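The values are calculated or read from the model by the stated rules, or taken from the named source; none is laboratory data. Being a predicted model, the structure only gives us computed values, none of them experimental. Neighbour counts are summed over all protein chains in view; Cβ atoms, including those assigned to glycine, are modelled from backbone coordinates with ideal geometry. The accessibility values were calculated without ligands, DNA or RNA, using every heavy atom of the protein model including side chains. Shrake-Rupley method; radii C 1.70, N 1.55, O 1.52, S 1.80 Å.
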Amino acid sequence: MTKKDIENKRKTLQITLDSLKTQKERNVLGQFSTPYRLANDILIKAKQFLPKKKNIKFLDPAIGTGVFFSALLNNFPENRLERAVGFEIDNHYGLPSMELWKYKNLEYKIEDFSINQFPSNDKEKFNLIVCNPPYVRHHHINGQKQFLKEKAFNAINQNISSLAGLYCYFIAFAHRWMTPNGIGIWLVPSEFMDVNYGKSLKKYFTSEVTLIQVHRFDPDDLQFKDALVTSSVLIIKNSPPPKNHLIQLTFGADLNKPQLSKTYSNEELKLENKWTRFPFNEIRSSKPYSKLKDFFKIKRGIATGDNSFFILSKVDAISRNIPFQFLRPILPSPRHISTQIINADENGNPEIDKKLFVLDCNLPIEVIEKKYPSLFKYLEEGVSRKVTERYICRNRKIWYSQENREVSDFYFTYIGRSSNGQNSFRFILNNSNSIVNNSYLMLYPNEELKAIIKDNEEVKKNLLTVLNEMTQHEFIEQGRVYGGGMRKFEPKELSNVNSELISKFVERNSVHHNKEPNSNNSSLM
């Protein structure tokens, strides 16, 4: 059977096995198969870093149907293959794949790589590790987490965050399976480059090993059609980084012919929190600059626990006879807001087509039953719908009482998509009594800014213009990036956005605000 024949057989097997599992089942185990084209590109790249005549000892800790092994055979003569080992935890993929590769030089192990003991000597280790580790979210790791954290610390001397996905642990464990100067190539989600839980991994890449290349695929060009993540390939050498080491950061659809490529020093990457800024941007200046947190306190909108129950239209609230004092106006999701300014009617409610209210009451249920029977009836409906069993509701002192959030003048739509240097994030000026849910971030001006904009609609509008001007050049490189070009800001990330434009706004308007009227001294005599 030719290499092409066996790859066609493997591809057919992959499609068949995937079709026998639901998307949810594969999500839980992080089973997203690597396209052969990409696997082949990765093994082509591996040729650059392996000595030409040295035998290959190959390991794939999450082998699945063996796409990387198939690409290995396509790019290297079999007589160079000294040993090849693959681990697979799932019998569904493991048993048919073991049968597929039984006549090839592959030790196919249906075992959990994460619980295997580390090799005891260099002879048992591998000089080429290539893997697309399971993209399992932290909340699916369950009771294994403490064991994994302790094992990861023993492997790379780093504390992996409890919020880290399983792929972070795989990278840590594989370090102990690499020979000195061995090559590791990882196909992983890009999100670790921007988030707090990725700090330990980035420290490992810049301190414990030599990071050779980081290639980030275009977020608009998903590598996995069934997983909404943007992916990266990281290539490392198992040796400490040499002095003045330069790392190649590349971007684009083709790993071997990137759209953009720049080099940055190892020391520069150590200091940068968000690697997805590269290679489009230079290293940030060390010169201090104003940040949004210098002018605003930023909070999330309220998390109701169940929007379908707690957020009611005006018609529903009236038909159910919910007392007005237990309803607060709340803005609909950003897609229903077409304007940047929310004006108010005579009652302070927003002048928008989709008028919504959030149920918020802190009275004891016995009082509600006695004084407000229609509200009590609605809350009973919530109990029957098991709203009380939802995570947020069951952890509240009063399950139908919302978070305490004051109305703010400014809201931010913190999820958006960017394309060609533009994005869909918006600041909104709120002149109504509306609060927002957690589809928005809420910005509360500090005392100085509050004094400047107080009761001055024109100045508020000017500030809104300045805020939205910032999005054109500051926000593209901030936040977290996901597949399909989606970006997201957490409060801390928005807080750190460069806000020199706000500084200038405050400076201009402070002069005007604090200017005293001319006085005529003679009139005081």
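Every residue in the stretch 1-57 that is more than 27 Å from the chain's Cα centre (by Cα), among the aliphatic types (A, V, I, L, M) and assigned to a helix (DSSP H, G or I), please. Scanning the stretch 1-57 gives I6, L13, I15, L17, L43, I44, A46. The residue that is nearest to D41 (Cα to Cα), counting only those in the stretch 133-188 that are part of a strand (DSSP E or B) and open to solvent by 10 Å² or more (accessible area, probe 1.4 Å), is N181.
In the set (1) over 25 Å from the mean Cα position of the chain (by Cα); (2) open to solvent by 50 Å² or more (accessible area, probe 1.4 Å), N438 fails one condition alone, (1). Can you confirm whether the stretch 296-309 contains a residue that is in contact with a Phe, Trp or Tyr (Cβ under 6 Å, 6 or more places away or on another chain) and open to solvent by 100 Å² or more (accessible area, probe 1.4 Å)? Checked against the condition, which is being in contact with a Phe, Trp or Tyr (Cβ under 6 Å, 6 or more places away or on another chain) and open to solvent by 100 Å² or more (accessible area, probe 1.4 Å), the stretch 296-309 yields at least one hit. What do you reckon, is E191 open to solvent by 10 Å² or more (accessible area, probe 1.4 Å) and touching a Ser or Thr at 6+ places or on another chain (Cβ under 9 Å)? In short, yes. Within the option set N55, N74, N91, being open to solvent by 20 Å² or more (accessible area, probe 1.4 Å) and without any contact (Cβ under 8 Å) to a residue 24 or more places away in the chain holds for one residue only, N91. When you scan the stretch 157-169, do you find a residue that is of a type outside the set (V, I, T), at pLDDT 95 or above and more than 27 Å from Y204 (Cβ to Cβ), even just one? There is no residue in the stretch 157-169 that is of a type outside the set (V, I, T), at pLDDT 95 or above and more than 27 Å from Y204 (Cβ to Cβ). Residues that are open to solvent by 40 Å² or more (accessible area, probe 1.4 Å) and of a type in the set (D, E, K, R) within the stretch 108-132 comprise K109, E111, D122, K123, E124, listed in sequence order. If I ask for residues that are of a type in the set (K, R) and either in a helix (DSSP H, G or I) or farther than 23 Å from K314 by Cα (or both), which ones from the stretch 353-373 would you list? Answer for the stretch 353-373, where residues must be of a type in the set (K, R) and either in a helix (DSSP H, G or I) or farther than 23 Å from K314 by Cα (or both): K370, K371.
Within the stretch 1-49, the set of residues being farther than 19 Å from P134 by Cα, free of Cβ contacts under 8 Å to residues at least 12 places away in the same chain and acidic (D, E) comprises just one member, D5.
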